[in-house]
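As structure tokens, the structure follows; a few thoughts come after it.
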Amino acid sequence: MNDLQERIAQFRKMANDDPENELGHFRLGQLLVEAGQHADAVASFRRTLELSPQFSKVFQLLGASLIKLGKRDDALRVLREGFAIADERGDNIPRDEMVKLLVQLGEPAPESKRDKLPGGGASEGGFRCQRPGCFAGARARQLPKPPMSDEVGKKIYEQVCADCWQYWLRDLSIKVINEMRLDLSTEQGADMYDQVMRESLGIT
């Protein structure tokens with residue numbers, strides 16, 4: 001089993017052991033896309049959206065997989081809905097990627113409503129969280145200081161909002177340790193924890 005297949009197996013187990021864990025389904029979908037398994041990826045992304053319907057990045061990835069499968073009409077519906085959600089939340093990167101996909105399908109680029117707002121729809125606190133699926137959106141608040149003194153802590157401070165960091169610390173990290181049965185006293189367990197944390201927070 002190669003490294004990618006091993007990662008798929010790990011996150012498939014996480015998704016199966018905790019069907020309510022949107023992280024497990026989201027990462028599984030991403031890895032399945034990497035493996036070219038778009039039909040299975042679509043199922044994972046749809047489940048992610050059932051659990052987290054404002055997760056704009058998932059609409060982008062789901063739409064792209066549907067295009068790969070030749071499901072144009074379904075892809076159009078997903079991308080239009082995803083664009084509206086991303087635009088409302090101020091998730092500019094997935095929003096712009098969905099515009100590109102729609103244009104590739106021969107559709108006109110949707111018009112942004114946020115760009116017409118004062119300040120162009122910037123977050124209320126002037127901070128933009130980069131974690132995929134950030135709950136705070138335009139209300140994102142920056143951490144008061146880096147949570148760790150190393151380079152990773154600096155990146156978290158610069159890129160991840162306070163709410164998403166607390167969500168990782170109090171909820172997702174515990175699920176990752178338990179469901180992946182990580183032993184953090186070992187180098188392998190610590191490395192896996194660090195990798196999943198980076199992926200979950202969008203700082204890969």
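The values are calculated or read from the model by the stated rules, or taken from the named source; none is laboratory data. Note that the structure is predicted; figures quoted are calculated from it, not measured. Every residue, glycine as well, gets a Cβ built from its backbone with ideal geometry; the counts of neighbours run over all protein chains shown.
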Residue in the range 151-171 that is over 26 Å from G82 (Cβ atoms) and in a loop (DSSP other than H, G, I, E, B) present: no
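Kindly indicate whether any position in the range 52-59 is surrounded by fewer than 16 Cβ atoms within 10 Å (Cβ to Cβ) and modelled with pLDDT of 90 or more. Explain how you work it out, then say what you get.
Filtering the range 52-59 for residues surrounded by fewer than 16 Cβ atoms within 10 Å (Cβ to Cβ) gives 53.
Add one more test, that the residue is modelled with pLDDT of 90 or more, and what stays is 53.
Yes, some residue in the range 52-59 is surrounded by fewer than 16 Cβ atoms within 10 Å (Cβ to Cβ) and modelled with pLDDT of 90 or more.
Scan Q159, Q142 and give me the residue that is within 30 Å of A9 (Cα to Cα) and at pLDDT 85 or above. Please lay out each step first, then the result.
On the way: Q142 fails: within 30 Å of A9 (Cα to Cα).
Matching residue, one of Q159, Q142: Q159.
Looking at the range 1-42, which of its residues are of a type in the set (A, V, I, L, M, F, W, C) and surrounded by fewer than 16 Cβ atoms within 10 Å (Cβ to Cβ)? Talk me through it step by step, then tell me what you get.
Keep residues of the range 1-42 that are of a type in the set (A, V, I, L, M, F, W, C), which gives 1, 4, 8-9, 11, 14-15, 23, 26, 28, 31-33, 35, 39, 41-42.
Scanning the range 1-42 gives M1, L4, A9, A35, A39.
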Residue count, the range 95-128 (criterion: part of a helix (DSSP H, G or I) and either modelled with pLDDT of 90 or more or out of contact with any helix residue (DSSP H, G or I) (no Cβ under 6 Å at 6 or more places or on another chain) (or both)): 15
Test result for V78, more than 15 Å from the chain's Cα centre (by Cα) and crowded, with 21+ Cβ neighbours inside 10 Å: yes
Residues satisfying the stated conditions in the range 159-174, i.e. closer than 17 Å to Y193 by Cβ and out of contact with any Lys or Arg (no Cβ under 7 Å at 6 or more places or on another chain): W165, Y167, W168, L169, R170, D171, L172, S173, I174
Breaking point among (1) over 25 Å from E20 (Cα atoms); (2) within 18 Å of the chain's Cα centre (by Cα), for S185: (2)
